Structure formats: structure tokens, C-alpha cells
Amino acid sequence: MDKFKQVKEVIASVEADVTKFYDGGNAAAGTRVRKAMQDLKNLAQEIRAEVTEKKNSAK
């Protein structure tokens, strides 16, 4: 559950940069958005592994 909270925190923290990039054309904000998306990808993969492990151990 901690990793899911981290996902929500990453999304909340990058929201301003998304606006700066798409509405303002700020290239540096785009770099920060890309990094945050990579972090989200990694967290999602970790969550998937945990869910699979928990599901399989319940059998």
C-alpha cells in the first residue's frame, strides 16, 4: 500500500510541471515530467510484482 501512496504523491508533485510544459512550453518542466513518468513506471512495475506475489501466495 505504501507504493500506491508514492504513486499518488508523484502525480501530485508533477502536476504543476505538466501545466508548465503543456501550457507554457517550458522545456525544463518537460524534463521533470519525463523523469516523474519514469518513476511512475517503476513504481507500477513494483506494485504489479507485489500483487502477483500476494495473489500466488494465497493459493
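Here are a few things to note about the model shown:
- Rolling a 1.4 Å probe over the protein heavy atoms leaves ARG32 with an accessible area of roughly 100 Å².
- Full extension of the chain between ARG34 and VAL51 yields a length gain of 3.6 nm, computed as 0.36 nm times the residue separation minus the alpha carbon distance.
- Relative to the longest principal axis of the Cα atoms of the chain, the long axis of helix 2-24 makes an angle of roughly 20 degrees.
- Dimensions in Å of the chain - Rg and Dmax from alpha carbons: 14.9, 51
- Helix 27-57 axis, angle to the chain major axis (alpha carbon atoms, nearest 10°): 10
- Excluding ligands, DNA and RNA, the accessible surface per residue across the chain is 83 Å² with a 1.4 Å probe.
- Percent carbon-and-sulfur accessible area, the chain, ignoring ligands, DNA and RNA, probe 1.4 Å: 55
- Residues whose amide H lies under 5 Å from that of ASN26, counting only those 5 or more places away or on a different chain, are PHE21; hydrogens are built 1.01 Å from N in the peptide plane.
- In the chain, lysine pairs with alpha-carbon atoms under 24 angstrom apart (chain gap of 8 or more, or interchain): 18
The values are calculated or read from the model by the stated rules, or taken from the named source; none is laboratory data. Quick caveat: nothing in here was measured; it's all calculated off a predicted structure. Calculation scope for accessible area: heavy atoms of the full protein, side chains included, ligands and nucleic acids excluded. Shrake-Rupley method; radii C 1.70, N 1.55, O 1.52, S 1.80 Å.
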